[in-house]
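First up is the structure itself, then whatever we jot down about it.
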Amino acid sequence: EWVDFGPSEEEKYREAVADEQFMLMRRIAWTGGTPESSPKLDRLLDICQDAKENNRKILVFSFFLDVLTVVSRELGEDALEPITGSVPPARRQQIIDEFKTAPAGAALVCQIQAGGVGLNIQEASVVVFCEPQIKPALETQAISRAYRMGQTNTVVVHRLLTDNSIDERMMEMLDSKEQIFDSYARDSVMAESSTQAVDITEKS
């Protein structure tokens, strides 16, 4: 879903580009800090409200801790304690258990490196990515947290992207990586299913 920068965000983005601050460029669209000045945040809140009205729970993923802080603050009581890399595994499971019993509209806010692997969160059926990820596997693993055995709802995935920003180039890179992976996986399946001998060295 493509949105614009807020006015102050666009100015900060240009400064980040001039300073070649890649990681800052990726998260500038959240620095407005309020729905009025951050279109990404405004859209996120709309998604969460719609999920609540449709009796759904939400997973929100970002790479950046400061983005999670903004999201958690604006979601208020609907957001559980964020799962980040500094949260011990035992506490992560406690937070997930709390999420299971939370009412519709509850949001589990996760740093994608910590919340994307090894967790079973099929109570959520709406997934939101705050920015595109460098590695396609991170997004795939994160989506898989909700799309687990026992999931009875269609899982809806939202990617929040900013027009005229690094998000556009990153999506091009992600598409290219996915095409390369799909081509490799498809070739591997064909090789494995072939009745003829395959030169594995050449294939590799």
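The values are calculated or read from the model by the stated rules, or taken from the named source; none is laboratory data. Not measured: the values here are computed from a predicted model. Cβ atoms come from the backbone with ideal geometry, glycine included; neighbour counts cover every protein chain shown. Surface areas here come from the heavy atoms of the whole protein model, side chains and all, with no ligands, DNA or RNA. Shrake-Rupley method; radii C 1.70, N 1.55, O 1.52, S 1.80 Å.
Quick notes on this one:
- Nitroxide proxy distance, nm - points 7 Å out along Cα→Cβ at LEU45 and ALA102: 1.8
- For region 88-94, 3J(HN,Hα) per residue [Karplus equation, 6.51 cos²θ - 1.76 cosθ + 1.60, θ = phi - 60°, Hz, x = Gly/Pro]: x, x, 4, 5, 4, 5, 4
- Here the spin labels are modelled as points 7 Å beyond Cα on the Cα-Cβ line, and at VAL157 and SER176 they lie 2.1 nm apart.
- Derived value for region 7-116: Kirkwood hydrodynamic radius 14.8 Å. Basis is the mean of 1/r over every pair of different alpha-carbon atoms.
- Local electrostatic count at ARG91 - Lys and Arg +1, Asp and Glu -1, tallied over other residues with Cβ under 13 Å: -2
- Sorting THR84, THR69, THR101 by accessible area puts them as THR101, THR69, THR84; the probe is 1.4 Å, largest comes first, and only protein heavy atoms count.
- Projected onto planes of every orientation and averaged, the convex hull of the alpha-carbon atoms in region 73-124 covers 3.5 nm².
- Surface analysis of region 124-177 yields an accessible area of 47 Å² per residue, using protein heavy atoms and a 1.4 Å probe.
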